[in-house]
Amino acid sequence: MLPAMSALAGPVFALAALLGFAGVQKLAWPASTAAALRSAGLPSSPLLGRLVGVSEIVVAALALAFGNRLTAALLVVVYGAFTLFSWRLASSADAASCGCFGQTEAPTTALHVALNAVATVVCGAAVIWPTGGVTDVLADQPLAGVPFVALTVVAAWLWYLMLEVVPDLQAAMADHRETAEVT
């Protein structure tokens, strides 16, 4: 495997896994996705929220299984759409939740937009330098790929935290500052 391919595999797999996780969450709890679509002025319903979730699961599974130019291009389309969608939500007056992860209701912020843009660029690099599928990548990893898988899961988890927990913390800090200024 070429160095660029192996260097991209972890980030691309983390983004694909995060996408699959988000899809599962939308299947289970489609209401916040429907609300986010409505906030963006798009057609919305719980069924549409679930269809978005199913499409995310399919794209994630294909990206993890094959890791070719086509699957990387699908990730680019998905994360590019997320960038535009989150920008639309973040630029509105109420900064509605993006509905990314089902039950969570973090406000959509500029950080959300930036993270989705970075994900789009990373997946774009995988169009140029495909990663190969998970089995291809794990075959080249030491210790049966356990460190690679662990680090990829940690990367996906950190990305999730930046999308869902950090905006909540920022909102809580802003509320705290407002309360402190009033007293």
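The values are calculated or read from the model by the stated rules, or taken from the named source; none is laboratory data. Computed from a predicted structure; not experimentally measured. Positions of Cβ are backbone-derived with ideal geometry, glycine not excepted, and every protein chain shown enters the neighbour counts.
The set of residues from segment 5-35 being farther than 24 Å from Gly49 by Cβ, surrounded by fewer than 22 Cβ atoms within 10 Å (Cβ to Cβ) and touching a Leu at 6+ places or on another chain (Cβ under 8 Å) comprises just one member, Gly10. Of all residues in segment 126-154, those that are closer than 22 Å to Thr71 by Cα and of a type in the set (Asp, Glu) have Cβ atoms under 7 Å from Cβ atoms of residues that are outside any helix (DSSP H, G or I) and at pLDDT 85 or above, 6 or more apart or on another chain, in Asp136/Gly67. Of a type in the set (A, V, I, L, M), within 15 Å of Leu18 (Cβ to Cβ), in contact with a Leu (Cβ under 7 Å, 6 or more places away or on another chain) and buried (at least 17 other Cβ atoms within 10 Å of the Cβ) - does that describe any residue in segment 48-58? No, the conditions are met nowhere in segment 48-58. State whether the residues of segment 94-110 include one that is under 24 Å from Ala28 (Cα atoms), in contact (Cβ under 8 Å) with a residue 40 or more places away in the chain, surrounded by fewer than 16 Cβ atoms within 10 Å (Cβ to Cβ) and aliphatic (A, V, I, L, M). No; the residues of segment 94-110 include none that is under 24 Å from Ala28 (Cα atoms), in contact (Cβ under 8 Å) with a residue 40 or more places away in the chain, surrounded by fewer than 16 Cβ atoms within 10 Å (Cβ to Cβ) and aliphatic (A, V, I, L, M).
If you go through segment 36-47 and pick out every residue that is surrounded by 17 or more Cβ atoms within 10 Å (Cβ to Cβ) and assigned to a helix (DSSP H, G or I), you end up with 3.
Restricting attention to segment 20-71 and to residues that are touching a residue at least 40 places away in the same chain (Cβ under 8 Å) and of a type in the set (Lys, Arg), the residue that is nearest to Gly124 (Cα to Cα) turns out to be Arg69. Would you be able to say whether some residue in segment 131-151 is in contact with a helix residue (DSSP H, G or I) (Cβ under 7 Å, 6 or more places away or on another chain), at pLDDT 90 or above and either closer than 17 Å to Gly23 by Cα or of a type in the set (A, V, I, L, M) (or both)? Checked segment 131-151: at least one residue is in contact with a helix residue (DSSP H, G or I) (Cβ under 7 Å, 6 or more places away or on another chain), at pLDDT 90 or above and either closer than 17 Å to Gly23 by Cα or of a type in the set (A, V, I, L, M) (or both).
If Leu74 satisfies every condition in (1) surrounded by 17 or more Cβ atoms within 10 Å (Cβ to Cβ); (2) part of a loop (DSSP other than H, G, I, E, B) but one, which is the exception? Here Leu74 clears every test but (2). Cβ-Cβ distances below 6 Å connect the following pairs, each with a first residue in segment 72-90 that is free of Cβ contacts under 8 Å to residues at least 40 places away in the same chain, a second residue that is outside any helix (DSSP H, G or I) and hydroxyl-bearing (Ser, Thr, Tyr), and a separation of six or more residues or different chains: Ser86/Thr108; Ala90/Thr108; Ala90/Thr109.
Candidates Thr152, Thr120, Thr131: the one that is surrounded by 15 or more Cβ atoms within 10 Å (Cβ to Cβ) and either not in a helix (DSSP H, G or I) or not β-branched (Val, Ile, Thr) (or both) is Thr131.
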